[in-house]
Structure formats: C-alpha cells, structure tokens
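K.L.:
Structure provided below as structure tokens; questions to follow.
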Amino acid sequence: MRPQRGPPRAAPPQTVKQLLKELRQQRSREGARSPVLALPSPRPSDGAPWPAVPAVPAVTPSLCAVPHVSPHGSPGGAHGGRVSAPRGFQAAAIPGPAWPHPAVPWGEFGASLLGREIQDPYPEPQDLAAARAALGGRDPRELLRQDEEGDTLLHVLCAGGHWALARAAAEALRDLGGLEVREHLGKTPLLVAAAAAAPEIVRDLLVLGANPDAADHGGRTALHLAAAYGHPEILQAMMSSGVPVNVEARNFEGQTPLHCAVLAHNASLQGGHSAAGGSAGGSPTPQDRFRCVELLLQMGADSSSQDTKSSLTALHLAVRGGNLALAHLLLRQPGMAPRLVNMKAHGNTPLHMAAALPGTPSQEPLVRLLLAWGADPSARNLEHDLPQSLLPPGAPGEQLRLLLRSRRGSHRPPPTAE
C-alpha cells in the first residue's frame, strides 16, 4: 500500500484507473444507456490542493451523448471510457435525457471545471469559450501536476470525453510538453483518448501537435488501441486529422495494428471478449471490428507484414481463426494475393493452417478460397508436411484430402481482385 499523503479524507481519491473500473462495473450491473457517473478526484503527488479556477457557466443543450466503457483487454490495462456517437466519422448526437456529471472533490479547481452538466459532446462556441476562460487565467504549469497514478487533468478530461475542456487544456499545455506527459502505464493523453473512444479529442490532440506514434509501456500506439478495442471512429478521426501516422508501428509483441484488428475480429466471432472495447451503445460488434480492418487497409497497412515473433501475416491469423470474411477481404486487396497466399510463417502457409483447423464449418470454404487464389497444395512446412497431411480424420477431412491431391501440380493463376 502507498502511504497516505496530505490530511485524512473521508474517502480515498479516485484515479483514472479506479474511475474506469467503476464505469465498467456500473454498466455491467445496470446496462443503463446514460448512467450518472462520478469523475475521478486525484490529488497532486505533493498533497497540495488544486488551484482554484473561476466556475464555468452552466449550459443546457438539448442533446446528449451515449456513454460507454472501453476496458483494456490486456493485463494491467487502465484506461477506457465513454464515446460520443460519431458524426460522419461522427454520427449525429442522440436526443434524450441529460447525462449529468455531478461535482466531485478535485480541489476547488476540479469542482469548478467538472461540476457542471455536460450533455452535448460537440461543444458549442460558448462552451469552448467558457472552458478557455476557466483555464486562461491560470499558470499552465499548474495543469502539469500529476497524481499518484501519473494522471494530469488532461488525462482525466480525455478519459471522460470532455471535449471542450480537454481542448482548452490541450491548447494551454501544447507549448509546455503537456501533450506528451505519461501516466503510470506510459499513456499520453492521446492514448487515453483513443482507449476511451473519444474521437473528437483524438482529432484535436493530433491537430494541436500530439505525437501520433506515441506508444505506452506495451508498445501500443493509438492505432493499436483502436484496432484492439474495436473503435473504427478513432481510426476515422486519425484519418480526418490529416496528420501522418505510422500504420506499421509494432507493439512489444511484434504486431502491427492490422494484426491486432484481425485478432480482435477473430475473438468477436468466437464470442471472446479479451480485447473488448466499446462503441456507441455498448460493446463493439463484429462489424465494428471488421470496419477497423478495412480502415487500416485504407490507411495503407501492409497485409503481408509478418509479426516479429511468429512471422504470421494477417492472412495467417484470419485463417487460423477460421475467419472466412477477413480472408476474403485480405485476398481481394489489389495485387496482394500472389504474394500473400503462399507466404510462410515458420514454414506454414495459410493453406497449412486451413487444413489444420479441427473440422470447423469454415474449413472447407477456406481451403477452396485459398486454392482459388493460387495456394500451393504441394508446399511443405518445416516438418515436411503437405497441407493434406494436417487434415482432421473423418469423412469431411477425406473429401478435402482428395481435393488437395487433385490440385497438386495443377497450379492455376489466381483471380483478379475487383
């Protein structure tokens, strides 16, 4: 346990990590569309109170955002949060009851900033002006103070999706390096906003100069987080910002964002939630995750990139997951199939992986798809096995074995992608 700092409190201060855990628990318990959620109330690490700032005038817009939670799938994850329904890359805000954010003890500073209702995620000019006024009279260096988890006020605003306040804080901090401050898991405000599915804040931070390729302690960039958690709106926001981003960045598992997106889509088809995130109205759907793969390909992701630990391409991962839809998508990328379909990962081609599937419903369609695109049934892996040697026993496996034998030595050129 960490020693208590400062005077005794009736309740311990919340960190961003604690807040987001509570968001996940409350949403799981209630399944409510617009829960009333407390905001975190960290203190600076030196125990001093946050400086007082003039209160932001209350605004009563007629639209509200739909909150949701974006939990981390990997051990030790901290940041998730709500997302506003996107329009274009942001959909129209949904009319409904207000989503109030009650005042919480974040010193006088936090109470004055966050104690008002924030219902419309798209700030009106008066909201942004009020946020700028609230921060404008302060020494920006005061905003750089970090709590015991390393979170600054900007981290918390990003996690909560407070667009106007986050933008005003980012404007005040951009010349002081405040956009690159890292919390205890290595996340910059941009990474927090990406994990929290806050596309408007992601776009603003990028335009204001945040490093688009910043990575956390797991080597994950904003692209990795969006791909793993199924947030296509974050990828669209990054595209719309016009800021160049390294779509081939590697996390510490040696995976590109495309690898992460394929693994997440595989998990969603198998009913797994280890990489779950959030989207407007709840957890991401398989369609959200499929859209992430499409967007990464549009951004220039190389589907022939191999992860650095297992040499697997996105096609290997899709086939291994029995993911017929993604295999179709990857093979249909113009000019990719001839190079992709017979690439080896530790000796195994995608056809080896399709043959090794344990008799799943997608096995035969995958084998036929790969053959149609030029897969070589005579290729051998490091154990000198042909794909047909890996087929499961039984009648379905025997039928595919006959198919593969009939195709050996009779290569046909793959079809042309539309």
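K.L.:
If you go through region 377-387 one residue at a time, do you hit one that is buried (at least 21 other Cβ atoms within 10 Å of the Cβ) and either in the same structural domain as N266 (by TED's automatic domain parsing) or in contact with a Pro (Cβ under 6 Å, 6 or more places away or on another chain) (or both)?
P.N.:
Restricting attention to region 377-387, the residues satisfying the condition of being buried (at least 21 other Cβ atoms within 10 Å of the Cβ) are 377, 387.
Now narrow it down to the ones that are either in the same structural domain as N266 (by TED's automatic domain parsing) or in contact with a Pro (Cβ under 6 Å, 6 or more places away or on another chain) (or both): 377, 387.
The answer is yes, given that some residue of region 377-387 is buried (at least 21 other Cβ atoms within 10 Å of the Cβ) and either in the same structural domain as N266 (by TED's automatic domain parsing) or in contact with a Pro (Cβ under 6 Å, 6 or more places away or on another chain) (or both).
K.L.:
State yes or no: is S310 small (G, A, S) and out of contact with any strand residue (DSSP E or B) (no Cβ under 8 Å at 6 or more places or on another chain)? Spell out how you get there, then give the answer.
P.N.:
Details: small (G, A, S): yes; out of contact with any strand residue (DSSP E or B) (no Cβ under 8 Å at 6 or more places or on another chain): no.
It is false that S310 is small (G, A, S) and out of contact with any strand residue (DSSP E or B) (no Cβ under 8 Å at 6 or more places or on another chain).
K.L.:
Does G254 qualify as being modelled with pLDDT under 95 and either part of a loop (DSSP other than H, G, I, E, B) or under 24 Å from Q287 (Cα atoms) (or both)? Reasoning before the result, please.
P.N.:
On the way: modelled with pLDDT under 95: no; either part of a loop (DSSP other than H, G, I, E, B) or under 24 Å from Q287 (Cα atoms) (or both): yes.
For G254, the condition - modelled with pLDDT under 95 and either part of a loop (DSSP other than H, G, I, E, B) or under 24 Å from Q287 (Cα atoms) (or both) - is not met.
K.L.:
Can you go through D151, D175 and tell me which one is over 29 Å from G230 (Cβ atoms) and in the same structural domain as E124 (by TED's automatic domain parsing)?
P.N.:
Details: D151 fails: over 29 Å from G230 (Cβ atoms).
From the options D151, D175, the qualifying one is D175.
Here is a yes/no grid of residues against (1) within 18 Å of V293 (Cβ to Cβ); (2) surrounded by 16 or more Cβ atoms within 10 Å (Cβ to Cβ); (3) basic (K, R):
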{"site": "M336", "(1), (2), (3)": "yes, yes, no"}
{"site": "A356", "(1), (2), (3)": "no, yes, no"}
{"site": "P365", "(1), (2), (3)": "no, no, no"}
{"site": "R405", "(1), (2), (3)": "no, no, yes"}
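K.L.:
Moving on to the next point. Which of the residues that make up region 307-316 are at negative phi and surrounded by fewer than 19 Cβ atoms within 10 Å (Cβ to Cβ)? Steps first, please.
P.N.:
The initial filter retains those residues of region 307-316 that are at negative phi, namely 307-310, 312-316.
If the condition is that a residue be at negative phi and surrounded by fewer than 19 Cβ atoms within 10 Å (Cβ to Cβ), then T308, K309, S310 are the ones that fit.
K.L.:
Having 3 or more residues that are touching a Cys at 6+ places or on another chain (Cβ under 8 Å) is the bar; report the helices (runs of 4 or more DSSP H) wholly within region 141-227 that clear it. Steps first, please.
P.N.:
Working: elements: 153-160, 163-173, 189-195, 199-207.
Fully inside region 141-227 and qualifying: 189-195.
K.L.:
List every residue pair whose Cβ atoms lie under 6 Å apart, where the two residues are 6 or more positions apart in sequence or sit on different chains, the first residue falls within region 378-407 and is more than 17 Å from P365 (Cβ to Cβ), and the second residue, located anywhere, is modelled with pLDDT of 90 or more and loosely packed, with under 15 Cβ neighbours inside 10 Å.
P.N.:
N381/G347; L382/G347
K.L.:
Within region 135-160, track down each residue that is small (G, A, S) and surrounded by 24 or more Cβ atoms within 10 Å (Cβ to Cβ).
P.N.:
A159, G160
The values are calculated or read from the model by the stated rules, or taken from the named source; none is laboratory data. None of the values given here were measured: they were computed from a predicted structure. No Cβ is skipped: glycine too gets one built from the backbone with ideal geometry, and neighbour counts run over all protein chains shown.
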